[in-house]
Amino acid sequence: MPGAPTIVGVANLLVVEDDEAIAEPLVRALVREGHEVAHAASGEALIGADGLHSVVRASIHGDEPPVYRGVTVVAKLRARARHNATRLQEEAVRALYDYFDPISGGPEGTGWPFGRPVSVGEVYSVLQALRGTEVVEDARLFGADPITGQRGQQTQRLEVEPHALVFSYEHQVLVEGA
């Protein structure tokens, strides 16, 4: 927020998610961003510092419980000459996981905005920006259900509910040499 004071210090945050398929990627994202995760557990409620009907929780999620939308990308890249295809494949998958990270991803790198849809054009942009990519031959975008492991229909634009965030789920990238 413009003009808001910056506060530096330590904060303890309790995030409770009753679905391990969602909780595990969130914990990995926190650790990847340099946060210490002292304990991870499952449960069915998020209780803010000010109680069950928390003003903190309501300001984040409103009256609706949070929803997470899995995003799967299936892509085919052609590597630049003398660039290692295996390394490019690893870099591409990492870039997709980073971009669709609910905490540190998104177009600004500050976390995926609540309710922001996903466009396949963003996938092309993320993958083409990699140093070893000659060309993105194909990129397909799917909604995914991490609970069932099912992928939805291919789409050009994945709509996301106003109180929902996206997160990466089982991207697949094929890289062909130059």
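The values are calculated or read from the model by the stated rules, or taken from the named source; none is laboratory data. All figures in this text were calculated on a predicted structure; none of them were measured in a lab. So basically every Cβ, Gly included, is an ideal-geometry build from the backbone, and we count neighbours across all protein chains shown. Areas reflect the complete protein model, heavy atoms only, side chains present, ligands, DNA and RNA absent. Shrake-Rupley method; radii C 1.70, N 1.55, O 1.52, S 1.80 Å.
Filter the range 112-144 down to residues that are of a type in the set (Asp, Glu) and in contact with a strand residue (DSSP E or B) (Cβ under 6 Å, 6 or more places away or on another chain) and give me whichever is surrounded by the most Cβ atoms within 10 Å (Cβ to Cβ).
We begin by selecting, within the range 112-144, every residue of a type in the set (Asp, Glu); these are 122, 134, 137-138.
If we keep only those that are in contact with a strand residue (DSSP E or B) (Cβ under 6 Å, 6 or more places away or on another chain) too, we end up with 134, 137-138.
Values: GLU134: 17, GLU137: 14, ASP138: 11.
Top of the filtered list is GLU134.
Name the residues in the range 74-124 that are charged (D, E, K, R), closer than 19 Å to GLN172 by Cβ and outside any helix (DSSP H, G or I), would you?
Selection gives LYS76, ARG78, ASP101.
Which of the residues that make up the range 128-174 are free of Cβ contacts under 8 Å to residues at least 24 places away in the same chain and part of a loop (DSSP other than H, G, I, E, B)?
THR148, GLY149
Considering only the range 68-84, state which residues are more than 11 Å from the chain's Cα centre (by Cα), touching a residue at least 60 places away in the same chain (Cβ under 8 Å) and open to solvent by 30 Å² or more (accessible area, probe 1.4 Å).
VAL74, LYS76, ARG78, ARG80, ALA81, ARG82, HIS83
So which residues in the range 94-149 are over 12 Å from VAL71 (Cα atoms), β-branched (Val, Ile, Thr), under 14 Å from the mean Cα position of the chain (by Cα) and at pLDDT 95 or above?
VAL126
Pick out the one residue from TYR97, TYR68 that is among the aromatic types (Phe, Trp, Tyr), out of contact with any Asp or Glu (no Cβ under 9 Å at 6 or more places or on another chain) and closer than 20 Å to VAL160 by Cα.
Being among the aromatic types (Phe, Trp, Tyr), out of contact with any Asp or Glu (no Cβ under 9 Å at 6 or more places or on another chain) and closer than 20 Å to VAL160 by Cα holds for just one of TYR97, TYR68, which is TYR97.
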